[in-house]
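Here's the structure, in structure tokens; my notes come after.
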Ligand code: AMP
């Protein structure tokens, strides 16, 4: 566990949070400050800080993130579409340096930036 990482603490149950889904590679929680009616975070169990740190050994984990996102989108009834976002670095507004995929949906989303 990385000591000051909020997502590592959630993964390890040190900060209470409802995991709405989990598998061998990742877990899913609802964002504490949702921007859309459905806003969940798909978070790898492994503390990887950024997409640029991934290599071939992460192939299965990365697939699991996307598979989990699509599973949850279906579970949440997002029949009309949804958006998946990785914020990377300051300019993108990344707050937590533990890789995570945002799943946003439940309303019409505006432009990309
Ligand atoms: P990012 O800006 O891409 O790093 O996204 C981090 C996200 O984590 C933000 O949308 C926060 O609202 C969310 N967040 C921070 N702390 C928690 C928490 N304890 N439980 C759920 N979501 C959180």
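What the table shows:
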item	result
Unique residue being assigned to a strand (DSSP E or B) and more than 9 Å from the ligand (Cβ to nearest atom) when the list is 65, 99, 84, 78	84
Residue within segment 39-46 that is exposed (fewer than 12 other Cβ atoms within 10 Å of the Cβ) and more than 13 Å from the ligand (Cβ to nearest atom) present	no
First in segment 78-89 and touching a residue at least 12 places away in the same chain (Cβ under 8 Å), second anywhere and more than 10 Å from the ligand (Cβ to nearest atom) and assigned to a loop (DSSP other than H, G, I, E, B), Cβ under 7 Å, 6 or more apart	78/106; 83/109; 88/50
Qualifying residue in segment 38-49 (condition: more than 24 Å from residue 15 (Cβ to Cβ) and modelled with pLDDT of 95 or more)	no
Failed criterion for residue 59 (all others in (1) in a helix (DSSP H, G or I); (2) loosely packed, with under 12 Cβ neighbours inside 10 Å; (3) within 15 Å of the ligand (Cβ to nearest atom) hold)	(3)
In segment 1-37, the residues that are assigned to a loop (DSSP other than H, G, I, E, B), without any contact (Cβ under 8 Å) to a residue 12 or more places away in the chain and closer than 16 Å to residue 102 by Cα	32, 33, 34
Lone unmet requirement of (1) more than 12 Å from the ligand (Cβ to nearest atom); (2) out of contact with any helix residue (DSSP H, G or I) (no Cβ under 6 Å at 6 or more places or on another chain) for residue 14	(1)
Sole residue being surrounded by fewer than 16 Cβ atoms within 10 Å (Cβ to Cβ), more than 9 Å from the ligand (Cβ to nearest atom) and under 14 Å from the mean Cα position of the chain (by Cα), chosen from 72, 20, 32	20
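The values are calculated or read from the model by the stated rules, or taken from the named source; none is laboratory data. For clarity, every value in this text was computed on a predicted model and none was experimentally measured. Reconstructed Cβ throughout: ideal geometry from the backbone, glycine too, with neighbour counts over all protein chains shown.
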